[in-house]
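Q: Dropping the structure in here first, questions after.
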Amino acid sequence: MTKAADAFRKSVKLCVTKEMLLLSVTTAYTGLELTFFSGVYGTCIGAVNEFGTEEKSLIGLSGIFIGIGEILGGSLFGLLSKNSRFGRNPVVLLGVLVHFVAFYLIFLNMPADAPIAPVEGTNSSAYIKPSKEVAILCSFLLGLGDSCFNTQLLSILGFLYAEDSAPAFAIFKFVQSICAAVAFFYSNYLLLHWQLLVMVTFGFFGTLAFFTVEWDAAAIVARGSDYRSI
């Protein structure tokens with residue numbers, strides 16, 4: 001119990017530091033988009049009657065391509081992160097750009113009421129004629145962008161808090177899980193374009209927050225006491 005209480009106190013002290021507060025914005029975004037690609041987007045695909053009889057089978061195919069994007073991104077950017085010459089910011093920038101492209105294509109390709117459509121689906125029109133190919137491409141892009149954020153977040157947390165990483169990773173999972181739960185709640189009520197707007201907003205500010213921490217990483221390590229004394 002004493003060790004558990006001590007670990008909890010460390011986590012509380014750590015979560016109010018400047019670096020962790022900034023990274024929490026990025027972590028919050030990963031929670032929101034985790035809910036979107038793992039639960040909401042498949043529902044949207046299955047609700048579009050324009051896809052015909054294949055609309056339900058596309059849900060499984062979408063999950064496969066999300067996984068392909070995750071595996072490809074995790075393998076590629078996990079190796080690149082070992083080369084400090086590039087740093088983490090280019091990978092995160094790529095991730096947010098990939099996600100913004102995916103969100104824009106989803107906005108054009110999916111009806112606004114797809115997330116809250118009844119069991120019978122929706123016949124509402126999108127800005128373009130719904131395309132199966134575009135829908136699957138967006139699945140791949142969602143997985144690829146997610147791997148960019150998660151690999152670099154885990155990397156910077158392990159770098160900044162190498163001596164005592166458990167509280168840092170506990171805060172990471174806590175913030176991510178809370179935001180994922182919040183996203184699951186509002187996904188039953190908000191139209192698709194509003195959900196996309198929420199993610200674009202958090203993605204933009206989360207990327208800026210990550211850049212700030214990455215730029216200050218050398219100074220943070222030099223100070224040492226900011227996290228080693230916790």
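Q: Being hydroxyl-bearing (Ser, Thr, Tyr) and open to solvent by 30 Å² or more (accessible area, probe 1.4 Å): is that true of residue 165 here?
A: It is true that residue 165 is hydroxyl-bearing (Ser, Thr, Tyr) and open to solvent by 30 Å² or more (accessible area, probe 1.4 Å).
Q: Among the residues of region 96-134 satisfying the criterion of being outside any helix (DSSP H, G or I) and either of a type in the set (A, V, I, L, M) or modelled with pLDDT of 95 or more (or both), which is surrounded by the fewest Cβ atoms within 10 Å (Cβ to Cβ)?
A: 119
Q: Continuing with the same structure: Of all residues in region 136-164, how many are modelled with pLDDT of 90 or more and farther than 23 Å from residue 93 by Cα?
A: So the count comes out to 0.
Q: I need the full set of residues from region 39-63 which are over 13 Å from residue 115 (Cβ atoms), assigned to a helix (DSSP H, G or I) and open to solvent by 50 Å² or more (accessible area, probe 1.4 Å), in order please. So that I can check it myself, show each step before the final result.
A: At the first step, the residues of region 39-63 found to be over 13 Å from residue 115 (Cβ atoms) are 49-63.
Within this subset, residues satisfying the condition of being assigned to a helix (DSSP H, G or I) are 49-54, 57-63.
Hits for region 39-63 are 50, 53, 54, 57, 59, 61.
Q: Out of 142, 137, report the one residue that is in a helix (DSSP H, G or I) and surrounded by 22 or more Cβ atoms within 10 Å (Cβ to Cβ).
A: 142
Q: Moving on. Do we find a residue being open to solvent by 40 Å² or more (accessible area, probe 1.4 Å), assigned to a helix (DSSP H, G or I) and touching a Ser or Thr at 6+ places or on another chain (Cβ under 8 Å) anywhere in region 183-191? Step through it out loud before you land on a result.
A: Of region 183-191, the ones open to solvent by 40 Å² or more (accessible area, probe 1.4 Å) are 184-185, 188-191.
Remaining after also requiring assigned to a helix (DSSP H, G or I): 184-185.
Keeping just the survivors that are touching a Ser or Thr at 6+ places or on another chain (Cβ under 8 Å) gives 184.
Checked against the condition, which is being open to solvent by 40 Å² or more (accessible area, probe 1.4 Å), assigned to a helix (DSSP H, G or I) and touching a Ser or Thr at 6+ places or on another chain (Cβ under 8 Å), region 183-191 yields at least one hit.
Q: Moving on to the next point. For the structure I just gave you, tell me whether residue 181 is of a type in the set (Gly, Ala, Ser), at pLDDT below 90 and farther than 23 Å from residue 61 by Cα.
A: Numbers: of a type in the set (Gly, Ala, Ser): yes; at pLDDT below 90: no; farther than 23 Å from residue 61 by Cα: yes.
It is false that residue 181 is of a type in the set (Gly, Ala, Ser), at pLDDT below 90 and farther than 23 Å from residue 61 by Cα.
Q: Now a separate question. In region 13-34, which residue that is β-branched (Val, Ile, Thr) and at pLDDT 95 or above is most open to solvent (accessible area, probe 1.4 Å)?
A: Going through the qualifying residues, I end up with 25.
Q: Go through 174, 205 for me and flag whichever is among the aromatic types (Phe, Trp, Tyr), at pLDDT 95 or above, open to solvent by 60 Å² or more (accessible area, probe 1.4 Å) and within 19 Å of the chain's Cα centre (by Cα).
A: 205
Q: Being within 21 Å of residue 206 (Cα to Cα), in contact (Cβ under 8 Å) with a residue 12 or more places away in the chain and surrounded by 21 or more Cβ atoms within 10 Å (Cβ to Cβ) is the requirement here; does residue 92 meet it?
A: On the way: within 21 Å of residue 206 (Cα to Cα): yes; in contact (Cβ under 8 Å) with a residue 12 or more places away in the chain: yes; surrounded by 21 or more Cβ atoms within 10 Å (Cβ to Cβ): yes.
Answer is yes for this residue.
The values are calculated or read from the model by the stated rules, or taken from the named source; none is laboratory data. Keep in mind the model is a prediction, meaning the values are calculated, not measured. Cβ atoms come from the backbone with ideal geometry, glycine included; neighbour counts cover every protein chain shown. For the accessible areas, the whole protein counts, side chains as well, though only heavy atoms, and no ligand, DNA or RNA atoms are used. Shrake-Rupley method; radii C 1.70, N 1.55, O 1.52, S 1.80 Å.
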